[in-house]
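Let me begin by presenting the structure, written as structure tokens, before commenting on it.
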Amino acid sequence: MRLWARVGVAAQVVFVLAWIVAGFWQGPGYNALKYSISDMYAVTAPRGLFLVVVITLCGIGTVLFAVLSVWPTLRPSCSACPSTGSATR
């Protein structure tokens, strides 16, 4: 569980750092306050594929954290959660 917690935290840090770094190579016409992050990984954006890969990997890391670290921790205390056992209690 700790491994996946670290992966989840690292994914968030890498996402933010990649977003900041990518803003610097967009050119003089790019304004981070004016344009959304989508403009940084558009087809015509410089090195847009880099951000597509990083954002995808960070998303996978976040989902793995939620499924493999958070969910097993919360499941025992979740009385309204669906049971994995039989349909009747």
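Throughout, read-outs are computed from the coordinates displayed, never taken from laboratory work. The model shown is predicted, which means the values in this text are computed figures rather than measured ones. Here the Cβ is made from the backbone with ideal geometry for all residues, glycine too, and neighbour counts use every protein chain on show.
With one equal scatterer per alpha carbon and no solvent term, the Debye-computed log10 I(q)/I(0) for region 1-56 at 0.14, 0.31 1/Å reads -0.41, -1.29. Taking Cβ atoms as reference points and 15 Å as the exclusive limit, the residues near residue 70 contribute a net charge of +3, counting Lys and Arg as +1 and Asp and Glu as -1. Annotation: extensible slack from residue 32 through residue 5 equals 6.8 nm (criterion: 0.36 nm per residue apart, minus Cα-Cα distance).
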